[in-house]
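Here the structure is laid out as structure tokens; the discussion comes afterwards.
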Amino acid sequence: MPKVDLRAAIGAIKYPKLEKSLDELKIVEKFIVENNTLKVELTMQNPEAFAQVEKEIHRLCDKEFKEVIVSQDLSKKKDMNHGHTHNPNNRAPYAKKVIAVTSGKGGVGKSTTAVNLAISFAQKGFKVGLLDADVYGPDVPRMLGLDMEKMKWNDQDKIIPGENFGIKAISVGMTTPRRDTPLVWRSSVAVSALIQFLEDVAWGELDFLFIDMPPGTGDVQLTMAQELPIAAAVIVATPQVVANDDVSRAIMMFKDINVPIGGLVENMSYFIAPDTGNRYDIFGTDGGKNTAVKYDIPFLGSIPIDMEIRHLSDIGEPPVARGSDEHKKAYATIRDGLLDAMAQG
Ligand SMILES: Nc1ncnc2c1ncn2[C@@H]1O[C@H](COP(=O)(O)OP(=O)(O)OP(=O)(O)O)[C@@H](O)[C@H]1O
Ligand SMILES: [Mg+2]
């Protein structure tokens with residue numbers, strides 16, 4: 001077989017147990033022919049998967065060369081800044097799409113939105129995982145009723161994610177013995193922990209991996225964009241901060257680093273009086289829509305400020321699963337808008 005065809009045949013080998021090929025995952029780092037020797041270097045971490053691919057390469061190439069050497073390049077694991085946001089690594093080849101829920105601001109409802117949106121995707125039949133990337137204030141376990149969950153490992157030394165309301169989830173909050181244990185990690189340690197969650201959790205195959213981002217536009221946001229092909233960033237803002245600098249900085253940053261923005265969610269947007277059912281637009285109307293127009297991003301919808309949302313979130317009964325029909329519908333609208341935006345993007 002000519003060398004070009006061999007290179008293509010190797011690239012077309014499927015990563016074990018996944019539907020994606022080595023070339024789709026950008027795993028073939030080197031393909032060198034010298035004299036009568038072929039050297040192939042793969043950036044694979046998983047030893048079983050590597051062994052299978054190595055066997056397949058020998059099957060394809062052994063009769064064409066005197067010697068075939070297949071090696072594993074593990075350097076990417078150590079080199080945190082290897083990826084580039086224009087051509088990111090893919091540390092989550094098991095996920096078809098990665099969705100980052102983010103905001104320049106703290107306390108606007110990123111985690112609440114991430115949890116409920118992830119569940120609403122599962123309600124539509126998708127396989128969903130949720131990674132809590134907020135290592136300093138991990139709220140996901142509590143919101144999913146997984147805060148008493150302890151981290152467990154399977155026989156292959158992979159972390160078994162928690163599971164509730166139809167989604168799998170992992171959080172640094174599941175490694176600490178008590179939920180109020182403060183973490184005093186340096187940001188490089190935080191980033192390493194997240195990389196480990198991406199690579200060493202037994203997620204299985206996922207349609208969507210949601211990332212609940214910490215507040216701000218710092219190291220974690222950038223690393224995630226370097227290490228994962230993010231299909232959509234969902235920007236969460238409240239009406240008070242929607243036109244705020246922090247939010248626009250987040251939108252601009254994601255645009256700059258080439259991460260597609262799935263759209264804007266306005267959280268705690270309006271208030272429905274429980275006694276009369278009257279709607280109050282406390283902060284005026286259309287702030288979110290106007291901001292979305294200004295930055296040319298989709299407006300995905302609004303979530304009201306509601307005691308039920310806060311209460312159910314606090315006790316680990318997500319409103320999209322256990323709340324009123326109105327709240328379920330609000331999240332479903334955002335989900336469907338996001339699916340549309342991703343289909344078009
Ligand atoms: N629509 C809502 N109605 C009522 N309360 C809400 C709503 N959305 C969020 N909250 C409450 O507001 C608080 C902050 O929400 P959340 O933790 O989701 O924000 P965050 O942006 O993830 O915060 P952080 O920046 O600290 O990670 C929580 O107590 C949550 O229950
Ligand atoms: Mg949060």
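With respect to the conditions (1) outside any loop (DSSP other than H, G, I, E, B); (2) under 23 Å from residue 130 (Cα atoms), residue 316 lacks only one, and its number is (1).
Condition check ((1) under 11 Å from the mean Cα position of the chain (by Cα); (2) farther than 26 Å from residue 241 by Cα) across all residues:
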| residue | (1), (2) |
| --- | --- |
| 88 | no, yes |
| 92 | yes, yes |
| 98 | yes, no |
| 106 | no, no |
| 114 | yes, no |
| 136 | no, no |
| 141 | no, yes |
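Within the stretch 157-165, one or more residues are over 20 Å from the mean Cα position of the chain (by Cα) and either of a type outside the set (S, T, N, Q) or within 19 Å of residue 314 (Cα to Cα) (or both).
Coordinate-derived values only; no laboratory data. Everything quoted here is computed from the prediction, not taken from an experiment.
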